[in-house]
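What follows draws every value from the coordinates through simple rules; no lab data is involved. A quick note: this is a predicted structure, and the numbers were derived from the prediction, not measured. With ideal geometry, Cβ positions are generated from the backbone for all residues, glycine too; neighbour counts draw on all protein chains shown.
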Amino acid sequence: MPTTVNAYAATSATEPLTPFRVERRDVGPRDVLIDIAYCGICHSDIHTARSEWGPAAYPVVPGHEIAGTVAEVGSEVTRFSVGDRVGVGCMVDSCGECTNCARGEEQYCLKGNVGTYNSVGVDGQPTQGGYSQKVVVTEDFVLGIPEGIDLAVAAPLLCAGITLYSPLRHWGAGPGKKVAIVGLGGLGHVGVKIAAALGAEVTVLSQSLKKQEDGLRLGAQHYAATSDPDTFERLAGSFDLVVNTVSAAIDLDAHLSLLAVDGTLVNVGAPEDPLSLNVFSLIGGRRSFAGSMIGGIAQTQEMLDFCAEHGIGADVEVIGAQQVNEAYERVLASDVRYRFVIDTATLA
């Protein structure tokens, strides 16, 4: 029998999220039923709930930073057992057959991966996310959360963590490399921790110096304010890699000028409006401008294991589900250090 559980959902682009009942599918042979303990709040949740990235299919239960324990497994499941600590990130399925899926890059599935929410699952029903008590996910898209990471601080790693880990690994952040993280928010603060643990020399670029103490505590060696014009002159040609985490427009040409020859500026933040640049900003230093979106399942597991080994978790503020609308407003006001996490026990 399908399981009906308590949740919080967006019912329109303009109304606050409200209590909702969501039906989870029967546990199939390769499915895992997860009792959700915590779910992080990502800026993507807000964009989707408010139809800022296109019309949402309401009602929508957001949440793709899910951490909990296995409650039931299907008859063909081999990787997980009841009681295991597990997580679910931004996707819950893909075609499994295209070139990208075969390479373990399911996030770039050529047929489109199935999002954890606001998507259509293999059963033809809308997917609903982690602002809920339970979720059913096929085994291949469930991650193991190692012992040693508290579930509350692990939850944001399923999106924020892999969103930063993937480009840092792909573009070779490590000893001898100078890396700048633009923005010290929900994404950026995890990026600083991971880049530092990889052995890179890390600089935070933020609008002001008000979070400088935090940035240095999290592992950055340097901190600079982008509101100060001298910053771009002083740091011109300095970095091998710049990762932009902010979801607002930035001056791409100014940030590209910070790159050394063959350096790369990677965008992981997703602003609502298009960005523009002068192509000479690229030509002038054999620089690259790139984008990156989370990581595949294998790399996400690698990230979780890396974070456990290095004692990395998100800095979180745990809230009750009834505080979700207030939390959304505080995220937009940058009034959180650094990630809200919903305690789903408050949905009972």
(request) Quick one: angle between helix 188-197 and the longest Cα principal axis of the chain, in degrees between 0 and 90, rounded to 10, please. (result) 80 degrees
(request) Using only the Cα atoms of the range 161-291, construct the convex hull and provide its projected area averaged over every direction, in square nanometres to one decimal. (result) 7.0 nm²
(message) Computed from the coordinates I sent, Rg/Rh (Cα atoms, Kirkwood Rh) equals one of (1) 1.05; (2) 0.97; (3) 1.12. Tell me the label.
(response) (2)
(request) Find how much the distance from residue 102 to residue 170 grows on full extension, using 0.36 nm per residue of separation minus their present alpha carbon separation; answer in nm with one decimal. (result) 22.7 nm
(request) Report, in degrees rounded to the nearest 10, the 0 to 90 angle that the Cα long axis of helix 160-170 makes with the longest principal axis of the chain. (result) 50 degrees
(request) For a footprinting-style exposure proxy, rank 53, 171 by other Cβ within 10 Å, fewest first. (result) 53, 171
(message) So if I place +1 on the C-beta of Lys and Arg and -1 on the C-beta of Asp and Glu, and nothing else carries charge, what would the dipole magnitude of the range 22-77 be about its Cα centre? I want it in debye, nearest 20.
(response) 140 debye
(message) Please give the charge dipole size of the range 161-291, origin at the Cα centre, charges +1 on K and R Cβ atoms and -1 on D and E Cβ atoms. Round to the nearest 20 debye.
(response) 440 debye
(message) Test of understanding: ordering 228, 240 by Cβ neighbours within 10 Å, fewest first, what list do you get?
(response) 228, 240
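Quote to one decimal, in nm, the extra length available between residue 12 and residue 335 on full extension: 0.36 nm per residue of separation minus the C-alpha distance between them. Before the final figure, lay out each step's value.
Working: separation 323, 0.36 × 323 = 116.28 nm, distance 2.44 nm.
Going from the current span to full extension adds 113.8 nm.
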(request) For the chain, find the longest principal axis of its Cα atoms and tell me its angle to the long axis of helix 297-309, 0 to 90°, nearest 10. (result) 70 degrees
(request) Considering the options 284, 197, 162, tell which one lies farthest towards the positive end of the dipole of the chain, charges being +1 on Lys and Arg and -1 on Asp and Glu at the Cβ, about the Cα centre. (result) 284
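Quick one: order 42, 98, 109 by neighbouring beta-carbon count within 10 Å, fewest to most.
Numbers: 42 25, 98 16, 109 20.
Listing 42, 98, 109 from fewest to most nearby Cβ atoms yields 98, 109, 42.
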(request) Report the charge-dipole magnitude of the chain in Debye, nearest 20, computed about the Cα centre from +1 at each Lys and Arg Cβ and -1 at each Asp and Glu Cβ. (result) 400 debye
